[in-house]
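No value in this document is a laboratory result; all are computed from the given coordinates. Not measured: the values here are computed from a predicted model. Cβ: placed from backbone, ideal geometry, glycine included. Neighbour counts: every protein chain shown.
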Amino acid sequence: MLLEIKKLNKIYESGKIKFQALFDVDLNFKEGEFSALVGPSGSGKTTLLNCIGCIDKPESGDILLQGDNLTQKKSVELAKVRKEKYGFIFQTYNLMPVLNVYENVELPMKLLKKHSDSEIKELVYNILDEVGLKGLEKRMPLELSGGQQQRVSVARALIKKPQVIFADEPTANLDSKTGEAIIDLMHELNEVEKVTFIFSTHDKMVMKHARRIIELKDGKVV
């Protein structure tokens, strides 16, 4: 099993107020899944995605990545997991505005410090071609459409060949035609590269493409 989530609980505190966002969540994900966490606002789907992705820390429970318990790791170890094994695609793209397309996509490889400049160059050009951005390497983010910016974020997430890509509302800021093109692209990359995708979404079009739907309500899997 790629990912195992056991009895996961998450509580947020604001002053004297406590809010429990997740209640004893149990879930498993196999390698190569294309799954969607769905539910109304406040259902806990983004919180669950962030906990599995080591962005947020649960109060209790276990998250095992290929048997390795992530909840027992220190912050520096979790940062290494995010850097080496996870990829992220965000609703707001989260591109570095001062970097061009090429530089945004090469950044994860530079941080890994495992490849030569020539190897990185080849990988960047290959992935940009794969996501339909060939010829736009020198464009700045603000010179791109929303769909093109999201393609850059997809390329950035994929270039290091992560085990899991977490996509939080990846089509929310796109028109329906562009959004469908982005999901088609991720679906194709999932089938070809065998990368596991886990979405958090309200979008019915994303749900239509997902091979597995996991519904959450009030912090529980229903």
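With neighbours defined as other Cβ atoms within 10 Å of a residue's Cβ, the residues Asp203, Asp129 order from fewest to most as Asp129, Asp203. Less than 10 Å Cβ to Cβ from Leu158, Lys/Arg counted +1 and Asp/Glu -1: what total charge do the surrounding residues give? Net charge in that neighbourhood comes out at +1.
Measuring r between the beta carbons of Tyr125 and Tyr12 and using R0 = 45 Å, the FRET efficiency lands at 0.60. Just in the stretch 11-43: which chymotrypsin sites (Phe, Trp or Tyr not before Pro) are loop by DSSP and have at most 11 other Cβ atoms within 10 Å? Answer by residue number: there is no such site. In this structure, the amide hydrogen of Phe197, modeled 1.01 Å from its nitrogen in the peptide plane, lies closer than 5 angstrom to those of Glu33, Phe34, Ser35, Ile165, counting only residues at least 5 positions away or on a different chain. Rg/Rh, computed from the Cα trace of the chain with Rh as the Kirkwood radius, has the value 0.97.
Of all lysines in the structure, those lying under 16 Å Cα to Cα from Lys18, and not within fewer than 8 positions of it along the same chain, are Lys10, Lys57. Under 1.5 on a/c is rounded, so check that first for the stretch 174-222, then, if it is not, pick prolate when a/b is larger than b/c and oblate when it is not; a ≥ b ≥ c are the square roots of the alpha carbon gyration tensor eigenvalues. Judged from the Cα gyration tensor, the stretch 174-222 comes out oblate (a/c at least 1.5, b/c at or above a/b).
Principal-axis analysis of the Cα atoms of the chain puts helix 176-193 at an angle of about 90° to the longest axis.
Under the rule a/c < 1.5 gives rounded, and otherwise a/b versus b/c splits prolate from oblate, where does the stretch 94-174 land using the Cα gyration tensor? Oblate shape, in that a/c is at least 1.5 and b/c is the bigger or equal ratio. Of all DSSP bridge pairs formed entirely within the chain, close to 50 percent run antiparallel. Summing Lys and Arg as +1 and Asp and Glu as -1 over all other residues whose Cβ lies under 13 Å from the Cβ of Phe90 gives a net charge of -1.
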